[in-house]
Every structure is written in structure tokens, then in C-alpha cells.
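Below: the structure, in C-alpha cells.
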């Protein structure tokens, strides 16, 4: 009997060794608990069961090229009322992602920080309708066109990366102008993209019709705002994004990445360099705005305030993805230097960020891989002085 018991213990130990070697560790155990609600934006009470909720531990990356320890994030599924809970986890910073297993709805995300012995309730995670059509608002002569950037730059990416065709139907994209009598018929299920570097009349017309865009988002729509004004077209946007978000003008050569576990910035270096890396920072996120699920991906490096330059948030039932980084510019132009530990130029990293952003906002798979650049360049640091050439409004 004793011999059989010892054999059984040995088998359990051997099994545990092989199991531990075959998969990465889970989130560390501790005395912290997180609970919350994940729900569909258009379903009735009692119809929010089965939503997949993933808890990802956020680990800081100190050195360029360094990656966090691989983990297997814990997963929970909501009950009929949308409730979920994670118990006995370690203190720290966490990214929470709620996903529809059927991919009919767009995921929702939020971040949460917990100390020892804390129990917290996360903000509600609201899943909106998945993208079926893309509407790109821009004027033909803008979008960096005078600097040699094709006015079709976003559509070209949708064709090459998403395999969408130009048109007004499902799984297609279209361009719209805000001049004359603009077509402001926005449908839930459309992705609205506001391109950067627009002329002044574009921003003026947007401001005059701001309620249309705000209502669209509030009711469950999605907008990707490239908020890099004061480019070659010299337009100055002085109004607000949906929910009242504003940004101030500040040209910065460098941006720091804050979220290394998000699909848009996964495996990126700790800092990006560009000419310019950003045209300003979002300066009122802490002003008690009616927005939730605020995610900050990048921030200014050189300003005293270090305002965010790439954000995501929820306003009402809809989502806003917004950045002051001139992402369209880097599809064609940009610095050829390569960050230490990488084989991809800064230019191509920004272009990859644009491609990832579009795939992410459309709820499409986003590869964590960073393809090497075709043309190699020496690894560089501090390519330009840390400076901004204008101050915040």
C-alpha cells in the first residue's frame, strides 16, 4: 500500500513538471479581486451571457527590445446579466478585454490598477457593433497630399491589408468630403475615419456638424480620429472630439509607449522617433468628461505635461480611437533610423501602427510580429533634440 502511494505521488510530481514546462505561467496568485459587467450595447437584460473576458497583467518594459515574461492570461465568461469576476490574483496593473465569441460585436477594453488586499469593480465594458463598412472623411488636396502623400493612403491600406474594395456596400470603403452639402448619413456598423492634416474649412464644417458625429458615437458608432492638425494644409481644429476631448498643439520628436500588451503596440520599442512623432497631446482627460474605459497607448516625451498622444475611450455606447501622431505621413516618408534591438525603421514602425490600428478597430486579427525593413540603417538614439516648437493651448 505504501509503495502504491509513493508511486502515485511520483506520477503526480512528474505530471506537474511536464505540465509546468509545456505552457507559460498564469497571472500570479495573490489577495486581490476584480469584478465587473460586460454587455452588448443593443441587447435586453438577461441576454449578456457568454462574453469572453480576459485579464492581462501589464508588465513594464525598461529596455528597448525587451519583452515581458510570457503568460497565459486567465479567462472568464459572463453570466446572463454580464457579470464576471477574477479572484485571488496579485496586485498590479491589468488590461481587461471583453470579446464576443461570435465576432459579431466589437471588443471593449479598460485598464485597472490594484494594490494589496484590494477588491475593485471595473467600469462597464460595452461591446458595440462590428464594422461592416468604412467611411473616410478627407479633402482631396489634403492628407499631406502637398508633401507627396497619396490622398488615397487609407484606402490603399484597406485594399492591401483588409482586401476591401471601394464602394458603398458591405465590406467596402468610401471617401467623403465635408464641402458643399456633405453626406452625413452615418450608420451604426460603419467605421468613420477622420484623416489628419485637413484644411481649415474641413475642420470648420466638422465643428458646425459636431452633434452628428457625437450622436453617432453615443448611440454605438465607432470613430478613428487622426487628430494631427497644423500639418501641410495648416488647418487648426479648435473644437472637441465626441465626449468633449480636446488636444493642444505641441510638436514632439519623441513619443513614449505606455501600454506594451495592447495589439496596436505589442512588441514595439519603448520610444518612437519621428519628424514629428506627434502634433499635440490630449489635455483634458482628467476633467470629469462623460467618457469611460480610457486607454492611453503613447504620450509626449518632451513636454512638461507629457500629455497622451494615442488614446481610446467609450462615449455612450460607442468607441473613439484618436491619435495626434501623423500616421498617414509615415506610409511614404519618415526617418530611416532603427531603434536598438530592432531591424525595422521608425518610419515602418509608424506605418505598422497605422495598419494595426485599422485592423484592431475593425476587430480583425492583429499580428504581434514586427516585419524587418527592406532597407537597413544603423541603430540610432537621440536623432533630434527633445523639443516642441509650440505650446499647448
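Per-residue answers, yes or no, for (1) crowded, with 19+ Cβ neighbours inside 10 Å; (2) touching a helix residue (DSSP H, G or I) at 6+ places or on another chain (Cβ under 6 Å); (3) at pLDDT 55 or above; (4) part of a helix (DSSP H, G or I):
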| position | (1), (2), (3), (4) |
| --- | --- |
| 342 | yes, no, yes, no |
| 347 | yes, yes, yes, yes |
| 351 | yes, yes, yes, yes |
| 360 | yes, no, yes, yes |
| 365 | no, no, yes, no |
| 374 | no, no, yes, no |
| 377 | no, no, no, no |
| 391 | no, no, no, no |
**OP:** Determine which member of the set 338, 325 is in contact (Cβ under 8 Å) with a residue 40 or more places away in the chain, crowded, with 22+ Cβ neighbours inside 10 Å and closer than 13 Å to residue 265 by Cβ.
**Re:** 325
**OP:** Might you let me know whether the range 145-158 holds any residue that is under 25 Å from the mean Cα position of the chain (by Cα), modelled with pLDDT under 95, crowded, with 20+ Cβ neighbours inside 10 Å and on the phi > 0 side of the Ramachandran plot?
**Re:** no
**OP:** Just give me the residues in the range 184-211 being over 11 Å from residue 135 (Cα atoms) and touching a strand residue (DSSP E or B) at 6+ places or on another chain (Cβ under 7 Å), in sequence order.
**Re:** 188, 196
**OP:** Any chance you could count how many residues in the range 254-299 are under 29 Å from residue 36 (Cα atoms) and either part of a strand (DSSP E or B) or touching a helix residue (DSSP H, G or I) at 6+ places or on another chain (Cβ under 7 Å) (or both)?
**Re:** 12
Original post:
Consider residue 310 against the criteria (1) at pLDDT 95 or above; (2) surrounded by fewer than 18 Cβ atoms within 10 Å (Cβ to Cβ): it satisfies all of them except one. Which criterion is unmet?
Top reply: (2)
Original post:
Which one is surrounded by the fewest Cβ atoms within 10 Å (Cβ to Cβ), of the residues in the range 123-144 that are under 17 Å from residue 194 (Cα atoms) and modelled with pLDDT of 90 or more?
Top reply: 133
Subject >> Meets criteria (under 27 Å from residue 107 (Cα atoms), in contact with a strand residue (DSSP E or B) (Cβ under 7 Å, 6 or more places away or on another chain) and surrounded by 16 or more Cβ atoms within 10 Å (Cβ to Cβ)) for residue 214 >> reply: no
Original post:
Is the range 163-185 home to any residue that is without any contact (Cβ under 8 Å) to a residue 24 or more places away in the chain and surrounded by 17 or more Cβ atoms within 10 Å (Cβ to Cβ)?
Top reply: no
Original post:
Which ones in the range 51-80 are exposed (fewer than 14 other Cβ atoms within 10 Å of the Cβ) and either modelled with pLDDT of 85 or more or within 17 Å of residue 108 (Cα to Cα) (or both)?
Top reply: 75, 77, 80
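The values are calculated or read from the model by the stated rules, or taken from the named source; none is laboratory data. Keep in mind it's a predicted model, so treat the numbers as computed, not measured. Glycine also receives a Cβ, built like all others from the backbone with ideal geometry; neighbour counts cover every protein chain displayed.
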